[in-house]
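Working notes, structure below.
The values are calculated or read from the model by the stated rules, or taken from the named source; none is laboratory data. If you're wondering where the values come from, they're calculated on a predicted model, not measured in any experiment. Here Cβ is always computed from backbone atoms with ideal geometry, including for glycine, and neighbour counts include all displayed protein chains.
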Amino acid sequence: MTELHHGSNVQALQTTATFDSVTDEFIINTPNDGAIKWWIGNAAVHGKFATVFARLILPLQGKGGEPADMGIHAFIVPIRDLETHAVLPGIEINDCGHKIGLNGVDNGALRFRSVRIPRDNLLNRFGDVSRDGKYTSSLPTINKRFAATLGELVGGRVGIAYSSVGVLKVAVTIAVRYALLRQQFGPPKQPEISVLDYQSHQHKLMPMLASSYAFHFATVQLVDKYSEMKKTNDEDLIADVHILSSGLKAYVTSYTAKSISICREACGGHGYAAVNRFGALRNDHDIFQTFEGDNTVLLQQVAGDLLKQYQEKFKGGTLSVTWNYLRDSMGTYLSQPNPVTARWEGEDHLRDPNFQLDAFRYRTSRLLHSVAARLQKHSKTLGGFGAWNRCLNHLLTLAESHIESVILAKFIESVRSCPDEKTREVLKLVCDLYALDRIWKDIGTYRNVDYVAPNKAKAIHKLTDYLSYQVRLVAQELVDAFDLPDLIIRAPIGMQSEAYAQYTQYVGF
């Protein structure tokens with residue numbers, strides 16, 4: 001799909017697939033250097049076929065006998081001989097070069113010089129060309145066909161979001177196990193203490209541990225929804241999964257990328273050793289923020305869908321399941337905060353999932369309402385594109401806020417449905433830390449609208465520190481519950497076999 005000059009803007013791809021009605025073939029062509037296919041996985045060395053996204057051109061069928069551009073379609077193009085593995089005529093392949101990470105994948109660049117393929121090689125689920133060159137589609141416009149075609153990429157985003165949680169679990173496991181083993185300083189004439197007993201270290205790692213659990217439940221739900229979508233082809237579910245996968249992929253991968261660096265720093269000098277894998281984790285995971293959709297672009301899709309749902313609410317239309325709270329409680333969330341509850345600071349209140357989820361959804365609803373008003377205002381002078389760009393940071397914040405609300409809602413549901421009482425108590429503790437840490441990190445937003453009074457903000461801060469300490473007491477069990485074998489961890493300072501004790505052997509000393 002990706003070309004040298006275009007990645008995110010797929011509709012602007014320049015590679016062409018021109019139909020030749022005489023030979024019943026498509027002619028695949030790279031019109032200029034900017035249209036060279038770039039970063040194509042498995043292409044440089046091993047691939048024998050490529051799914052090529054190109055502009056479908058029908059000669060003489062446009063206005064005035066001009067060629068008709070039917071938009072982006074996908075074509076199966078052989079690129080190497082199945083027996084000799086030689087590159088086929090008309091195709092040029094080069095390696096894209098050494099990358100920051102994932103160098104086990106042979107990313108390549110492809111140029112096509114009038115390469116002919118059978119008409120049947122068009123992937124024609126959403127649009128087809130007959131033997132006599134007539135185009136048919138069940139979808140009425142280029143934009144609808146394009147959206148349906150790219151909708152097939154949802155599976156990749158689901159997989160990336162789920163995989164990113166796995167990377168986060170590995171990084172957090174290494175950092176927590178090392179912090180439990182490593183001892184530095186202590187009271188006068190007393191043994192040194194574990195570095196995880198320091199409040200500063202708990203503040204670094206425990207919210208990340210809580211987030212690992214929150215993301216786990218959210219992405220498992222996403223995988224389940226995706227599986228159901230593939231079975232049923234339900235249109236509402238397809239739309240829901242498309243936006244949810246975009247949001248979770250963007251949010252989770254960005255969070256994981258930042259967290260890996262924090263975990264590395266939390267492990268000091270040993271975290272910098274290549275054998276302890278933080279460098280490999282960081283470098284291999286970094287591209288998760290880009291492939292299958294740039295994170296900033298994906299968050300804009302989420303924001304755009306939220307605005308669409310916002311309009312549907314006032315039209316009385318049907319909202320996506322994930323978005324239902326916008327209809328159920330928008331009026332409540334947009335009303336003035338209750339001056340009494342804004343001051344409640346008791347632990348029972350702050351740990352009440354209703355308070356936590358209401359706070360998340362209040363923030364999202366306020367952001368949605370305000371950005372809708374800003375877009376309407378600026379579009380009068382700047383036009384739609386200019387208004388969107390003027391409000392872009394606001395829109396990204398809205399999308400992230402919504403995804404956090406979705407994650408918390410699923411976490412709360414998972415805690416409630418846990419059948420084992422002791423496990424449920426621990427998960428509730430972790431969920432409380434996840435929720436209150438998020439509220440505290442954005443406390444300025446809540447203070448600005450008087451949703452939280454100063455005394456309540458202070459209480460949230462204190463409780464977050466206390467919950468981090470409580471989670472620290474079960475941190476060993478929480479990372480062990482990820483059930484990651486040493487074969488996956490592969491870091492001496494973070495393996496269950498206590499390889500830290502034989503650390504020198506790993507560096508050949």
Worksheet item: Looking only at the stretch 460-494, which residues are outside any helix (DSSP H, G or I) and closer than 21 Å to residue 216 by Cα?
Response: 474, 481, 482, 483, 484, 485
Fill in: Residue match in the stretch 446-459 (condition: among the charged types (D, E, K, R), assigned to a loop (DSSP other than H, G, I, E, B) and at pLDDT 95 or above)
no
Worksheet entry | Residue satisfying condition, being in contact with a Gly (Cβ under 6 Å, 6 or more places away or on another chain) and either touching a residue at least 12 places away in the same chain (Cβ under 8 Å) or surrounded by 14 or more Cβ atoms within 10 Å (Cβ to Cβ) (or both), within set 412, 443, 489, 403 | 403
Worksheet item: Taking the condition more than 25 Å from residue 218 (Cα to Cα) and assigned by TED's automatic domain parsing to the domain that holds residue 253, does residue 450 pass?
Response: yes
Worksheet item: Do the conditions hold for residue 81, that is, is it over 23 Å from residue 149 (Cα atoms), in contact with a Leu (Cβ under 7 Å, 6 or more places away or on another chain) and exposed (fewer than 15 other Cβ atoms within 10 Å of the Cβ)?
Response: yes
Response to the item:
All-but-one check, residue 418 against (1) buried (at least 19 other Cβ atoms within 10 Å of the Cβ); (2) touching a Lys or Arg at 6+ places or on another chain (Cβ under 9 Å); (3) not charged (D, E, K, R), failing number (1)
Discussion item. I need a count of the residues in the stretch 10-31 that are touching a residue at least 24 places away in the same chain (Cβ under 8 Å) and part of a helix (DSSP H, G or I).
Written reply: 2
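Condition check ((1) touching a residue at least 40 places away in the same chain (Cβ under 8 Å); (2) assigned to a loop (DSSP other than H, G, I, E, B)) across all residues:
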site	(1), (2)
169	yes, no
188	no, yes
222	yes, no
227	no, no
244	yes, no
259	yes, no
Item to complete: Hey, can you tell me all the residues within the stretch 190-206 that are among the polar types (S, T, N, Q), in contact (Cβ under 8 Å) with a residue 40 or more places away in the chain and surrounded by 14 or more Cβ atoms within 10 Å (Cβ to Cβ)?
Response: 202
Fill in: Residue in the stretch 42-60 that is modelled with the highest pLDDT, counting only those that are surrounded by fewer than 16 Cβ atoms within 10 Å (Cβ to Cβ) and either touching a His at 6+ places or on another chain (Cβ under 6 Å) or in a loop (DSSP other than H, G, I, E, B) (or both)
48
Item to complete: Considering each residue of the stretch 89-125, count those that are among the basic types (Lys, Arg), buried (at least 16 other Cβ atoms within 10 Å of the Cβ) and out of contact with any strand residue (DSSP E or B) (no Cβ under 7 Å at 6 or more places or on another chain), and give that number.
Response: 0
Worksheet item: Before we move on, is residue 50 of a type in the set (Gly, Ala, Ser) and within 23 Å of residue 125 (Cα to Cα)?
Response: yes
